[in-house]
1. Looking only at the range 1-20, which residues are loosely packed, with under 13 Cβ neighbours inside 10 Å, modelled with pLDDT of 65 or more and of a type in the set (A, V, I, L, M)?
2. Exactly one of (1) hydrophobic (A, V, I, L, M, F, W, C); (2) under 15 Å from the mean Cα position of the chain (by Cα); (3) surrounded by 15 or more Cβ atoms within 10 Å (Cβ to Cβ) is unmet by LEU87. Its number?
3. For the range 117-124, indicate whether the set of residues that are of a type in the set (Gly, Ala, Ser) and closer than 26 Å to SER201 by Cα is non-empty.
4. How many residues does the range 166-208 hold that are touching a Gly at 6+ places or on another chain (Cβ under 9 Å) and not β-branched (Val, Ile, Thr)?
5. Return the total of residues in the range 120-130 being part of a helix (DSSP H, G or I) and either among the aromatic types (Phe, Trp, Tyr) or at pLDDT 90 or above (or both).
6. Looking for whichever is aromatic (Phe, Trp, Tyr), surrounded by fewer than 17 Cβ atoms within 10 Å (Cβ to Cβ), in a helix (DSSP H, G or I) and modelled with pLDDT of 90 or more here; the options are PHE172, PHE199. Which one fits?
7. Looking at THR139 and the list (1) assigned to a helix (DSSP H, G or I); (2) over 29 Å from LYS212 (Cα atoms), which single condition is not satisfied?
8. For the range 34-51, what are the residues that are in contact with a Phe, Trp or Tyr (Cβ under 7 Å, 6 or more places away or on another chain) and either farther than 20 Å from ARG155 by Cα or assigned to a helix (DSSP H, G or I) (or both)?
Amino acid sequence: MTMEAISNYFEKGIVLVIADLLSLITVSSCLVIKVPQINTIRANKSSQGISVLGLCLELFSYTVMLSYNYSRGYDFLSYMEYPILLLQEYVLIYYTFFYQNLLGVRTQIVAVLYAFVATLIYFKLFPLLILTFLVPFCTPIGATSKVLQLIAILRTKDASSVSRTTWALSAFTNLTRIYTVYVQSSDMMLLSNFFISTFLSSSVFVAACIYKKKTKTE
């Protein structure tokens, strides 16, 4: 990169430069955000305290948000964490389902249907109108997934399989996205989603800290 290119980059303003920096930090954090949770389940050989319905709702929310941003042609850096999160979510769901004996025929059929719809979205054959309609539901759905996880911890009073690191990173990355989305697109649907997600992820983190028991790994 030449000095002229660097100079031209910084000419776009410090606000946007900070937004790009926060995006990079967010994406970097998301590279490992689910890994502590996955490792905790594998080490304990248990997914006690993990809400299956919450994970499925979270998967739906991530998928719709990625599809919406991709289909609208937004700057990839502003939503790059979603494909990274999805890959980790698939692994997390697999281990959670495995230790709760839920990897049956019904789950396999749903997985095939999911892959079919995802393929349509990738080739932009899925109607944008439907994605635009679904986006507003991602806020309550994403919030519900976190509420269900919070309820699961409070009901069992056991967070032995819940990683505090994962939920702390979740709260942090949602918080940084409030700034980047506001600066880069000011999309109110996306902003409201990240505001609520920040609060709820923080709540799950606090509950996990209160009810955490000694585990083999964090």
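The values are calculated or read from the model by the stated rules, or taken from the named source; none is laboratory data. These numbers come from a predicted model, not from an experiment. Every residue, glycine among them, receives a Cβ derived from its backbone with ideal geometry; neighbour counts consider all protein chains shown.
1. ILE14, VAL15
2. Unmet condition: (3).
3. no
4. Here the count works out to 4.
5. Total meeting the criteria: 4.
6. The conditions single out PHE199.
7. (2)
8. ILE38, ILE41, ARG42, LYS45
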